[in-house]
Amino acid sequence: MRQWPILEALADRAASADSIEGLILLGSFASGTPDELSDIDVIAVAAAGRFEEAWSARHRLSEDALVSWDLRPKPDYQVHNWLTRDLVKVDCTIVDPGSGSEELAEPFAAVVGPESIADRFPRISAETVRERARKIAEDQQQQVFDPDEMDDGELIDWKIAELKNAVRRALRS
């Protein structure tokens with residue numbers, strides 16, 4: 001898969017960052033079902049007491065990105081996304097695992113740090129994840145998206161999702 005070199009470089013960068021204790025792979029790569037369009041979804045686990053330092057070092061993780069953008073949903077976890085020069089989207093949530101704000105559902109894989117790093121997160125069922133995703137999709141269908149009102153990161157996320165949907169639909173035809 002074309003995303004593997006990007007995942008390997010990300011793992012190397014996370015392993016060399018003192019403020020990051022581990023990296024947990026999620027999504028289609030963790031389940032073994034990625035395709036050519038799959039994002040790389042990861043959780044970067046901040047070392048104890050070093051969340052702000054890990055967040056400040058986020059651009060080391062996305063080094064050489066074509067473009068990067070941040071989402072700041074909560075004070076104890078924040079999202080740093082980027083698009084690589086090979087047009088692979090990386091969704092990276094940086095988390096303080098002691099906060100209890102981030103949950104894990106199978107499948108996932110610790111790719112940096114001890115396998116037990118995932119034990120620091122509460123578990124939820126795959127059904128709960130599917131239900132949350134369904135609710136988000138339902139809510140989004142009710143929204144009217146105005147590209148002029150979106151910030152750059154929201155616009156990139158939206159356009160990438162639209163492109164992937166169109167390509168997958170064409171491949172099914």
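The values are calculated or read from the model by the stated rules, or taken from the named source; none is laboratory data. Every value quoted in this text rests on a predicted model; they were computed, and no experiment measured them. Because the Cβ atoms are built from the backbone with ideal geometry, glycine has one as well, and the counts that use them run over all protein chains shown.
Things worth noting here:
- Scoring Gln78 on the criteria (1) without any contact (Cβ under 8 Å) to a residue 40 or more places away in the chain; (2) surrounded by fewer than 14 Cβ atoms within 10 Å (Cβ to Cβ) leaves a single failure, condition (2).
- Pro122 fulfils the conditions (1) exposed (fewer than 12 other Cβ atoms within 10 Å of the Cβ); (2) touching a residue at least 60 places away in the same chain (Cβ under 8 Å) except for a single criterion, (2).
- Within segment 24-33, tally of residues that are part of a loop (DSSP other than H, G, I, E, B) and farther than 24 Å from Lys159 by Cβ: 1
- Matching residues, segment 84-105, being of a type outside the set (Ser, Thr, Tyr) and part of a helix (DSSP H, G or I): Pro97, Gly98
- Evaluated against (1) at pLDDT below 95; (2) polar (S, T, N, Q); (3) touching a Phe, Trp or Tyr at 6+ places or on another chain (Cβ under 9 Å), Ser68 falls short on exactly one condition, (1).
- Per-region count, segment 1-32, residues at pLDDT below 95 and among the polar types (S, T, N, Q): 2
- Among the residues listed as Glu36, Glu53, Glu21, the single one being of a type in the set (Asp, Glu), in a helix (DSSP H, G or I) and over 13 Å from the mean Cα position of the chain (by Cα): Glu53
- Test: residue in segment 156-164 that is under 17 Å from the mean Cα position of the chain (by Cα), over 21 Å from Arg2 (Cα atoms), in a strand (DSSP E or B) and among the aromatic types (Phe, Trp, Tyr): no
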